[in-house]
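S.K.: The structure that follows is given in the form of structure tokens.
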Amino acid sequence: MIALTVAQVAEIVGGRLADITPEQAERTVVTGTVEFDSRRITPGSLFLALPGARSDGHDHAASAVTAGAVAVLAARPVGVPAIVVSPGDSASDSRSGALEHDDAAGSGAAVLAALAKLAAAVSATLVAGGLKIIGVTGSSGKTSTKDLIAAVLAPLGEVVAPPGSFNNELGHPWTVLRADENTDFLVLELSARHRGNIAALAAIAPPQIAVVLNVGTAHLGEFGSREAIAQTKAELVQAVPKSGVAILNVDDSAVAAMADQTVARVVRVSRSAPADVWAGSVVLDELARPRFTLHFGPEDADGVAVALGVSGDHQVSNALCAAAVAGECGATPQQVADALAGAGPASRHRMQVSTRADGVVVIDDSYNANPDSMRAALQALAWIARTEPAPGSPTPAGRRRSWAVLGEMAELGEDAISEHDRIGRLAVRLDVSRLIVVGVGRSMGAMLHGAVMEGSWGAEATAVPDVDAALALLRAELQAGDVVLVKASNSAGLTALAQALAADDAGERR
């Protein structure tokens, strides 16, 4: 973050000082990062006291200051230097006594609102100094695309991007505040659970370049329809000024229609037809890593060869969007191709492919799941299982058994039963050798039922109650050279299963 005095932070967020005099606040400078985890505090930090389901950050304020935080952004006085914000407070509030405690939700909302104000002020200052902000949204692929964009921009300057999926009202402003005067590019991932969420996030750090990947069925239970999801995703391109650029994946008709909803210049990307940025001759290698020819402009007949370092046919569209961003920022086609080749999975548990010493291939895509990403991951599993391994690989030659270890796809609302049924049927149609349904409840029962009704008999489709049971089954029955996909929404807890499988038998990352 740019250096600000505690007094300046208080003025920006409309908070009042507690346990620090105005004179001290004028002299005390936040020189470090803004952190909500007291264990990550470094000297000069500002600690964000957030109430949570299991822990209240206010209880850790003193230890944060002991660790080096110069002040705390809090919803109530905490006995150490603090900027206090709460509903109804303003910068002119002169009360000095203890505030009445809000409930956790109200306190958290007040602190998050203050964080957003601080991030907005910092981003405006940095943009005036030359920072370029890139925003990415879509129903699936946001994190993978964000990582690819960061990789292709790295040769051009200093890049700040969120770790993993920091894309909500906490992670978004927190990421903005990682940028400072040395940052050239700020790459942000924007997610939504309700209409207006993306507009609110975009207002914190208005993007000069916006990328929309797709409109799928993630969070269908929250939005009610795909049309409502499309309207929400369009909030990002609506936030781009006339001088900016909207990069649209026109292979998705709902995204293509957003060209009429922005005043920005539109750059169209496609993997199926000539466009501003497009792919030709797509093939997959033995680990489902795409190879294709990257073209800039519909008249670019030659293009440049690209060999992606990430797995899955769906990564082609993600890479094209990243290439379009890099092109807008001044990269040459060869620079883009080289950067994409060197960009492996940067965020954990998202299509991380590893090969163990016994040749078992583990596809860890356990962080998140929706119907679109589940289909893409199953297709990658099927491809890897039926493709000859590369020469020198520990994986035995010939057809290998494929395992789909799947948990619940959350937040699908009334469509949960039908969507889980479809995934069970798809696993059978893709000739997946073994389907392991992890968890109980109607959705997981529907997935197993779909597989059985599609023709999966006996042990081909199995239900287990939890991660421990799934791990025990896999350890008992996996054979050298098998290919295992582990995928579910994060709430299903399959990340621990994927980690254990990859670590078994002295697994070696490839």
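S.K.: Residues that are of a type in the set (D, E) and open to solvent by 60 Å² or more (accessible area, probe 1.4 Å), at least 1 per element: which helices (runs of 4 or more DSSP H) completely within the range 292-403 meet that?
M.R.: Helices (runs of 4 or more DSSP H) meeting the threshold: 315-328, 333-341.
S.K.: Looking for whichever is more than 18 Å from the chain's Cα centre (by Cα) and under 23 Å from W278 (Cβ atoms) here; the options are V255, V212. Which one fits?
M.R.: Step by step, each of V255, V212 is checked, and only V255 is more than 18 Å from the chain's Cα centre (by Cα) and under 23 Å from W278 (Cβ atoms).
S.K.: Would you check if there is a residue in the range 218-236 being part of a loop (DSSP other than H, G, I, E, B), in contact with an Asp or Glu (Cβ under 9 Å, 6 or more places away or on another chain), open to solvent by 10 Å² or more (accessible area, probe 1.4 Å) and under 28 Å from G344 (Cα atoms)?
M.R.: Yes, the range 218-236 contains at least one residue that is part of a loop (DSSP other than H, G, I, E, B), in contact with an Asp or Glu (Cβ under 9 Å, 6 or more places away or on another chain), open to solvent by 10 Å² or more (accessible area, probe 1.4 Å) and under 28 Å from G344 (Cα atoms).
S.K.: So, one more: Just name the residue that is most open to solvent (accessible area, probe 1.4 Å) out of those in the range 178-204 that are under 17 Å from the mean Cα position of the chain (by Cα) and among the small types (G, A, S).
M.R.: S191
S.K.: Does S225 meet the test of being among the hydroxyl-bearing types (S, T, Y), in the same structural domain as S140 (by the TED database) and closer than 30 Å to L4 by Cβ?
M.R.: no
S.K.: Of all residues in the range 241-266 being within 20 Å of A200 (Cα to Cα), free of Cβ contacts under 8 Å to residues at least 40 places away in the same chain and in a loop (DSSP other than H, G, I, E, B), which is most open to solvent (accessible area, probe 1.4 Å)?
M.R.: Residue satisfying both the conditions and the ranking: K242.
S.K.: For A61, work out the one condition from (1) over 17 Å from I12 (Cβ atoms); (2) hydrophobic (A, V, I, L, M, F, W, C); (3) open to solvent by 10 Å² or more (accessible area, probe 1.4 Å) it doesn't fulfil.
M.R.: Single failed check for A61: (3).
S.K.: Being open to solvent by less than 20 Å² (accessible area, probe 1.4 Å) and part of a helix (DSSP H, G or I) is the filter here; which residues of the range 8-17 pass it?
M.R.: V9, A10, V13
S.K.: Could you list, ordered by first residue, the pairs with Cβ atoms under 8 Å in which the first is in the range 185-203 and on the phi > 0 side of the Ramachandran plot and the second is open to solvent by 10 Å² or more (accessible area, probe 1.4 Å), at least 6 apart or interchain?
M.R.: From residues that are on the phi > 0 side of the Ramachandran plot, the pairs are G196/E235.
S.K.: Just the residues that are assigned to a loop (DSSP other than H, G, I, E, B) and without any contact (Cβ under 8 Å) to a residue 40 or more places away in the chain, please, taken from the range 269-291.
M.R.: The answer is S272, A273, P274, A275, R289.
S.K.: Step by step: first the residues of the range 127-149, then only those that are in a loop (DSSP other than H, G, I, E, B) and among the polar types (S, T, N, Q), then the one that is surrounded by the fewest Cβ atoms within 10 Å (Cβ to Cβ). Which residue is that? I'd like the intermediate steps shown before the answer.
M.R.: First pass over the range 127-149, keeping only residues in a loop (DSSP other than H, G, I, E, B): 129-131, 138-141.
Filter again for among the polar types (S, T, N, Q), leaving 139-140.
Numbers: S139: 28, S140: 24.
Applying the filter and picking the extreme gives S140.
S.K.: Pairs please, first residue from the range 222-234 and under 20 Å from A210 (Cα atoms), second anywhere and open to solvent by less than 30 Å² (accessible area, probe 1.4 Å) and outside any helix (DSSP H, G or I), Cβ atoms under 7 Å, 6+ apart in sequence or on different chains.
M.R.: Close Cβ pairs satisfying both conditions: I229/S139; I229/V215; A230/V215; T232/A192; K233/T137; K233/G138; K233/V212; K233/V215.
S.K.: Output the number of residues of the range 449-475 satisfying the condition of being open to solvent by 40 Å² or more (accessible area, probe 1.4 Å), at pLDDT 95 or above and either under 29 Å from the mean Cα position of the chain (by Cα) or among the small types (G, A, S) (or both).
M.R.: Selection size over the range 449-475: 5.
The values are calculated or read from the model by the stated rules, or taken from the named source; none is laboratory data. The model shown is predicted, which means the values in this text are computed figures rather than measured ones. Positions of Cβ are generated from backbone atoms using ideal geometry, with glycine treated the same way; all protein chains shown enter the neighbour counts. Note: areas computed on protein heavy atoms with side chains; ligands, DNA, RNA excluded. Shrake-Rupley method; radii C 1.70, N 1.55, O 1.52, S 1.80 Å.
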